[in-house]
Amino acid sequence: MNLPVAWSVLLVVTAGWNLLIWPRFWQRISADPRSRDADGRPTRFLVVHAVLIGVSLASALAVGVLGVLTLL
């Protein structure tokens, strides 16, 4: 696949940014009092954010792989 080097680098940087930011966001979400109910079970707040973070990390991985492949 041919892609200008600048776009490939942008994809790799974007992936790195997302792989750096989302785990830190998870730490904040999991520590939030809204994440667990009185019995300690996960709330919808935690589940929705876990799905959001999981999809974002998978997307970041795919974008990063694409960026690296287009650089080669």
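Annotations
- Residue match in segment 31-43 (condition: in a loop (DSSP other than H, G, I, E, B), out of contact with any Lys or Arg (no Cβ under 6 Å at 6 or more places or on another chain), among the charged types (D, E, K, R) and touching a residue at least 12 places away in the same chain (Cβ under 8 Å)): yes
- Near pairs, Cβ below 8 angstrom, 6+ apart or cross-chain, from segment 1-18 (within 18 Å of Ala60 (Cβ to Cβ)) to any residue that is of a type in the set (Val, Ile, Thr) and surrounded by 14 or more Cβ atoms within 10 Å (Cβ to Cβ): Leu3/Thr70; Trp7/Thr70; Ser8/Thr70; Leu11/Val63; Leu11/Thr70; Thr14/Val63; Ala15/Val63; Asn18/Val63
Since every read-out is calculated from the coordinates, none of them should be taken as a lab result. Please read all numbers here as calculations on a predicted model, not as lab measurements. Quick reminder, even Gly has a Cβ in these numbers, built from the backbone with ideal geometry, and neighbours come from all protein chains shown.
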